[in-house]
1. Taking the range A:59-96, which residues are on the phi > 0 side of the Ramachandran plot, surrounded by fewer than 24 Cβ atoms within 10 Å (Cβ to Cβ) and not aromatic (Phe, Trp, Tyr)?
2. Looking at the range A:323-334, which of its residues are surrounded by fewer than 23 Cβ atoms within 10 Å (Cβ to Cβ), within 21 Å of the chain's Cα centre (by Cα) and of a type outside the set (Gly, Ala, Ser)?
3. Only one of A:Ala99, A:Ala108, A:Ala95, A:Ala55 is among the small types (Gly, Ala, Ser), more than 19 Å from A:Leu154 (Cβ to Cβ) and outside any loop (DSSP other than H, G, I, E, B); which?
4. Out of the helices (runs of 4 or more DSSP H) lying entirely within the range A:134-197, which hold 2 or more residues that are surrounded by fewer than 18 Cβ atoms within 10 Å (Cβ to Cβ), over 15 Å from the mean Cα position of the chain (by Cα) and without any contact (Cβ under 8 Å) to a residue 24 or more places away in the chain?
5. Please note which strands (runs of 3 or more DSSP E) are completely contained in the range B:31-107 and include at least 3 residues that are on the phi > 0 side of the Ramachandran plot.
6. So how many residues does the range A:319-335 have that are touching a Gly at 6+ places or on another chain (Cβ under 7 Å) and either part of a loop (DSSP other than H, G, I, E, B) or hydroxyl-bearing (Ser, Thr, Tyr) (or both)?
7. Return only the number of the condition from (1) under 18 Å from A:Ser302 (Cβ atoms); (2) buried (at least 24 other Cβ atoms within 10 Å of the Cβ); (3) not aliphatic (A, V, I, L, M) that A:Phe446 does not satisfy.
Amino acid sequence: MRDYGRAGHGCVGGVSGLRHEAALIESRTGGLLGIREATGIRGMAMGMRRYSAFAIAREAARYHTGWERAWRSPQPKAEYDAIIVGAGGHGLATAYYLAKNHGITNVAVVEKGWLGGGNTGRNTTIIRSNYLQPSSMAVFEKSRSLYEDLSQQLNYNIMFSPRGVLMLAQTEHEKRAWERTWHANRIAGIESELVTPERIKEIVPIIETGGPRYPVLGGLWQPRGGTARHDAVAWGYARAASAMGVDIIQQCEVTGVDRDADGVTGIQTTKGAIRTKKLCIVVAGNSGVLADMAGFRLPVESVALQALVSEPIKPCMDCVVMANTVHGYMSQSDKGEMVIGGGADGFNNYTQRGSFQHIEETVRALIETFPMISRLKMLRQWGGIVDMTGDRSPIIGTTPVPGVFINCGWGTGGFKAIPGSGWATAEMVADGAPRALAAPFSLDRFTEGRMIDESVAAAVAH
Amino acid sequence: MLKLTCPNCGVTGEETEFHPGGEAHLKRFGPGSSDDEFRDYLFQRVNPRGVHFERWRHQYGCGKWFHAARCTQTLEVFGTYTAQTSEIPQNIIDAIKSRRPDWEPEA
């Protein structure tokens, strides 16, 4: 397997930790200041003990008694400079970049469940940036490039594996759409490649390109796309943000938004009232519910999106394959499971479980393209609630309520966007208005008709 | 999996026999409307976590459209009714209230 060796293992840093060995030795002689300089993480006020190969050796020598909790579990303070609702990837990344890029550390992230327990922990971990529209390419490529060294930045192995993402063209229409996207990618400087069925067969030997129902006519290949461990992305951001002073408050459900004539003044939660002048809602499928509390409506609908995994098998596919026509998205996890993402249900749903027929449709179609999976047993199936916008592009922007910011609408493709989305949202929360990366995704595009149409660009029925 | 009864032909089937059509009782805004009205008509769905009124089509049956009242949090279907109305029928309101005593129809 070409890329699997890069992934390292588990929560203790793995490969990513090794690069910091020299820095760590230096810092041990240079004291705490040395650690701060070596890591580049600003103001480690709460003192995060670095993960490294030395740390493993040290702990091995003392029965692993020295590992700390990865993040603090504080009670909420009376007031924060900014409150982020939702401790998923996007919310935690926003908090991290607020602290790291803008020096704003008096921040709370409130979460009704546990961090990373929503769509962050339910997706199929695909990372790519070969979108059609310029503003989409900008934010997704920013995100993908941040993923490249995120393990080093966070000192937490997120197992980013740029194994390549292959998007199949299974209709003539889709093939033309990928040609158009490929040209757009070239103009934007995003590395992607239009590939023939023969080249696809080289990249994915287990694929059947002949059809008859869903022949593979070509594809769009992004070699630096790939996967990462989704839980680790949430945990890594949480740990690094917490170390810089961000309070992550779990099991704290927001029950109301307080506001006066000038704008937001705070929130009501199951752990009491918290005051703030800046509130950023980053809650994916529940965005409409939170917006309703704040007093406005969003152009989103919440639906269930499903995924499933097979029993683990030996390595057979070392890239991600996306069959958009049939809504089947497959990769092989480091454990060996075939991870399969399916299509979204057509009706509004908040139950985090989808309809069985979608699983059946996805698997039935994938079996034609990957005959070898026909005898696989599927182990688990689950759903997440995704917030779909009309143009299938996200919303990052200010809202009708002064001081309330929104980051939502990532729909079925939010995981890949976590670092870039957090980066852009942190800029907006810090400045009070979005900068260039987020500006096109503002809420008023639906009034102005200024769509960022990735719905048509996907060349499939949504 | 949802089970719906088509009020047009009376057949009860599971959801693969039907096709969802989004929020019901939309008021159409076209030429002459304001930008905000047109945006609301096109995009601003209610998207509630709870009671939802929506359109369905009996796609693999009689082919006709109808309305359903359903809970998006439990997937419970309270009832279905004709699409030829802009008012929610009283028997549907009663059915919802018997299951959700705190629920009130929006004005």
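The values are calculated or read from the model by the stated rules, or taken from the named source; none is laboratory data. Model, not experiment: these values are computed from the prediction. FYI the Cβ positions are ideal-geometry reconstructions off the backbone, even for glycines, and counts take in every protein chain you see.
1. Just the residues of the range A:59-96 that are on the phi > 0 side of the Ramachandran plot, to begin with: A:63-64, A:86.
From what's left, surrounded by fewer than 24 Cβ atoms within 10 Å (Cβ to Cβ): A:63-64.
Passing the criteria: only A:His64.
2. Quick first cut of the range A:323-334, residues surrounded by fewer than 23 Cβ atoms within 10 Å (Cβ to Cβ) only: A:324-327, A:333-334.
With within 21 Å of the chain's Cα centre (by Cα) added as a condition, the list becomes A:324, A:327, A:333-334.
If the condition is that a residue be surrounded by fewer than 23 Cβ atoms within 10 Å (Cβ to Cβ), within 21 Å of the chain's Cα centre (by Cα) and of a type outside the set (Gly, Ala, Ser), then A:Asn324, A:His327, A:Asp334 are the ones that fit.
3. A:Ala108 is the lone residue from the list that is among the small types (Gly, Ala, Ser), more than 19 Å from A:Leu154 (Cβ to Cβ) and outside any loop (DSSP other than H, G, I, E, B).
4. The helices (runs of 4 or more DSSP H) meeting that bar are A:172-188.
5. On the way: elements: B:51-57, B:65-71, B:77-82.
Qualifying strands (runs of 3 or more DSSP E): none found.
6. The qualifying residues number 3.
7. So A:Phe446 meets the others, but not (2).
Listed here are the residues, each with its yes/no results for (1) small (Gly, Ala, Ser); (2) closer than 19 Å to B:Asn8 by Cα; (3) crowded, with 18+ Cβ neighbours inside 10 Å.
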{"position": "B:Phe29", "(1), (2), (3)": "no, no, no"}
{"position": "B:Ser34", "(1), (2), (3)": "yes, no, no"}
{"position": "B:Val51", "(1), (2), (3)": "no, no, yes"}
{"position": "B:Gly63", "(1), (2), (3)": "yes, yes, no"}
{"position": "B:Thr85", "(1), (2), (3)": "no, yes, no"}
{"position": "B:Pro101", "(1), (2), (3)": "no, no, no"}
